[in-house]
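I have placed the structure first, in the form of structure tokens, so that the comments after it can refer back to it.
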Amino acid sequence: MTAVLFVCMGNICRSPMAEGAFRHTAEKAGLLDRFTVDSAGTIGYHAGAAPDPRAQAAAMARGVDISGQRSRKVTDNDFEAFDYIMVMDRENYNDLIARCPDRLQDRIQLYLGYAARVPIDEMPDPYIGPTSQFDSCYDAAIDAAEGLLDALKSRHL
């Protein structure tokens, strides 16, 4: 099993959408059973909360239900437990690098670095923006999920 963790700040918008996009992509490929997939936030402010309703709507519009996910904060154990830690922006990256043991820091990567059609490497936080930003973020998450799955297939499957 390859373990993948998706991380944003609060774990109610970007990382739940990224988790849902990757699960959906892996499931369509018949490979979901080869992965452990989760998401978390760098802060625990929303711990236990479901994804933002706008994130849920963006995912559901594409046939993916993320309503069962619950926010949680990244733990120190996550650095050992997950082979890949996909962060949404450089702030998330820096927050995790500061906490992560040196020997595991290569596990932390920008998620959009795997996107083929998105010309940016940081996923903008849609929390305070218009609803359309959630749609754009979910589309970027799908693009990155496809690239990440291809990379993981070549490395592990």
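Given the criteria out of contact with any Gly (no Cβ under 8 Å at 6 or more places or on another chain) and closer than 28 Å to residue 80 by Cα, does residue 125 qualify? Here the answer is yes, as residue 125 does meet what is asked.
The listed residues are 29, 81, 18, 49, and the only one of them that is touching a strand residue (DSSP E or B) at 6+ places or on another chain (Cβ under 8 Å), hydrophobic (A, V, I, L, M, F, W, C) and either surrounded by fewer than 17 Cβ atoms within 10 Å (Cβ to Cβ) or on the phi > 0 side of the Ramachandran plot (or both) turns out to be 81.
In segment 86-103, is there at least one residue being crowded, with 22+ Cβ neighbours inside 10 Å and under 19 Å from residue 156 (Cα atoms)? Yes, that holds for at least one residue. The residue pairs whose first member lies in segment 26-53 and is more than 16 Å from residue 156 (Cα to Cα) and at pLDDT 95 or above, whose second member is surrounded by 14 or more Cβ atoms within 10 Å (Cβ to Cβ) and among the acidic types (Asp, Glu), and whose beta carbons are closer than 6 Å, counting only pairs six or more residues apart or on different chains, are 39/19; 42/95.
Just to be sure, is residue 97 aliphatic (A, V, I, L, M) and in contact (Cβ under 8 Å) with a residue 40 or more places away in the chain?
On the way: aliphatic (A, V, I, L, M): yes; in contact (Cβ under 8 Å) with a residue 40 or more places away in the chain: no.
No, not satisfied.
Scanning segment 109-120 for residues that are assigned to a loop (DSSP other than H, G, I, E, B) and either in contact (Cβ under 8 Å) with a residue 24 or more places away in the chain or within 22 Å of residue 46 (Cβ to Cβ) (or both) yields a count of 4.
From the list 151, 115, exactly one residue is over 20 Å from residue 38 (Cβ atoms) and out of contact with any Pro (no Cβ under 7 Å at 6 or more places or on another chain). Which is it?
Criteria check complete, one pass: 115.
With respect to the conditions (1) free of Cβ contacts under 8 Å to residues at least 60 places away in the same chain; (2) surrounded by 13 or more Cβ atoms within 10 Å (Cβ to Cβ), residue 74 falls short on a single one, namely (1). Annotation: residue 141 fulfils all but one of (1) under 23 Å from residue 48 (Cβ atoms); (2) aliphatic (A, V, I, L, M); (3) part of a helix (DSSP H, G or I); (4) more than 14 Å from the chain's Cα centre (by Cα); the unmet one is (4).
The values are calculated or read from the model by the stated rules, or taken from the named source; none is laboratory data. The shown structure was predicted, so the numbers you read here are calculated from the model rather than taken from an experiment. Note: ideal-geometry Cβ built from the backbone for every residue, glycine included; neighbour counts use all protein chains shown.
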